[in-house]
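Note sheet for the following structure.
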Amino acid sequence: KQGRALQVGFEFKYRRPVHLAEEELAQLALDLECTHLLLMDDDIYGVTADNLFSLLDADKDVVGGIMHARGFPHAMCAFRRFDPTKSLAEQPILKESTRLYELPPEKRIGVQPVDLIPFAFTLIKTSVFKKLEKPWFRCDSNAPTDSWFADSILNANLGYYAHFGVWLNHCGITVNNVGL
């Protein structure tokens, strides 16, 4: 956007387990005194500077754009927990049929609090890493790194948000063709 200056750097972590790559990227962002860390999956296409500015302007601890899962039924990946006493890391192993739910259509506007979004295009203030214990990112056979990280953020009473003005193209699946 005109009149806005940013210093941007990027780093690719090839052939690294995802949680270790994220840990290294967060530490690098802190070491370089960056204000934010943007995590972006390699199967997200067509993001723009305006998308990044939208996340920056939201001014949240953690905020991400909205993607749909690439596999049918193409879940919209902005979730809340039915039972907030259950951690996000234990959600995949819970046996109940209603573990997480998508934000309902009436809530899909602006910036909304969520319990979980994937790291498809997610902006994290580096100040949050100073409030969390290491390791910041981890995973195991039960839950992916985004679930563990979301638990850490929510347990530290930090904000975790989805930005419904930033719709992502995930491997060709977009908000415009998800139901086709």
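A few points about this structure:
- Selection status of Ala143, of a type in the set (A, V, I, L, M), open to solvent by less than 10 Å² (accessible area, probe 1.4 Å), over 12 Å from the mean Cα position of the chain (by Cα) and farther than 22 Å from Asn51 by Cβ: yes
- Count of residues meeting criterion [under 22 Å from Asn142 (Cα atoms), assigned to a loop (DSSP other than H, G, I, E, B) and aliphatic (A, V, I, L, M)] in segment 1-24: 0
- Residue match in segment 72-85 (condition: on the phi < 0 side of the Ramachandran plot, touching a helix residue (DSSP H, G or I) at 6+ places or on another chain (Cβ under 6 Å) and not charged (D, E, K, R)): no
- Evaluated against (1) in a helix (DSSP H, G or I); (2) closer than 16 Å to Glu22 by Cα, Phe137 falls short on exactly one condition, (1).
- Whichever residue in segment 25-59 is open to solvent by 70 Å² or more (accessible area, probe 1.4 Å) and of a type in the set (Asp, Glu) and, among such residues, is nearest to Asn142 (Cα to Cα): Asp42
- Test result for Ile109, within 18 Å of the chain's Cα centre (by Cα) and either on the phi > 0 side of the Ramachandran plot or open to solvent by 70 Å² or more (accessible area, probe 1.4 Å) (or both): yes
- Looking only at residues of segment 67-89 that are aliphatic (A, V, I, L, M), out of contact with any Cys (no Cβ under 7 Å at 6 or more places or on another chain) and modelled with pLDDT of 90 or more, we find that the one that is nearest to Gly179 (Cα to Cα) is Met76.
The values are calculated or read from the model by the stated rules, or taken from the named source; none is laboratory data. Everything numeric in this text was worked out from a predicted model, so none of it was measured. Neighbour counts are summed over all protein chains in view; Cβ atoms, including those assigned to glycine, are modelled from backbone coordinates with ideal geometry. Each accessible area value is taken on the protein alone, full model and side chains, heavy atoms only, with ligands, DNA and RNA left out. Shrake-Rupley method; radii C 1.70, N 1.55, O 1.52, S 1.80 Å.
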